[in-house]
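J.: Sharing a structure below in structure tokens format, with a few things to ask.
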Amino acid sequence: MCVSPLGVKWHRFLDRRFPIRSQMTWFKSKPRVSRAKRRSEQKHTARQVGKRLACDVMIYEPAMYALFFASMAIMEGGGWEDAKYRVNTLLLPTYLTGLTISPIIQSINFAFVPLIYRVPFGSSFDLFWDSYLSWVNNEKLAMIEDR
């Protein structure tokens, strides 16, 4: 419930903090702009996308995974101790798995998708990722507790 509003605020923050002169710079052909200018814009866009991606991967994603595991523990009737246990146990392996998928999707999102569509674009992939998170929350936790 709170993830989409947080996502919108996060993407707005990244847009203000790491502005890109024009979206889809790599695909637009500008006949009146010199090749050097176009290359400069492309480099600028790539740097800004890289900065956005680094912030997203290092700040936003771990926080959202922690929020997911903690809120699931509480909604399933566990207390704060259960929430802390799940975050401490499941966050790192889930985060490392996410690093195999998320950077690709978010690079496309930051480079080519206009701000207004970034959350829906990311959410279309999150449908599958959230299914994986639910599986991790239920199955992997059961495996860990069985040991």
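The values are calculated or read from the model by the stated rules, or taken from the named source; none is laboratory data. Nothing here was measured: the structure is a model prediction, and the numbers come from that model. As a convention, Cβ positions derive from the backbone with ideal geometry for all residues, glycine included, and neighbour counts pool all protein chains shown. Just the protein is used for accessible areas: all its heavy atoms, side chains included, with ligands, DNA and RNA removed. Shrake-Rupley method; radii C 1.70, N 1.55, O 1.52, S 1.80 Å.
J.: Can you name every residue in the stretch 93-110 that is open to solvent by 40 Å² or more (accessible area, probe 1.4 Å) and within 15 Å of the chain's Cα centre (by Cα)?
T.: The answer is TYR95, LEU96, THR97, LEU99, THR100, ILE101, ILE104, ILE108.
J.: Go through the residues of the stretch 111-118 one by one and say whether even a single one is basic (Lys, Arg) and open to solvent by 70 Å² or more (accessible area, probe 1.4 Å).
T.: No - not one qualifying residue is present in the stretch 111-118.
J.: Just the residues that are more than 16 Å from TRP10 (Cα to Cα) and surrounded by fewer than 17 Cβ atoms within 10 Å (Cβ to Cβ), please, taken from the stretch 63-84.
T.: Scanning the stretch 63-84 gives SER71, ILE74, MET75, GLU76, GLY77, GLY78, GLY79, TRP80, GLU81, LYS84.
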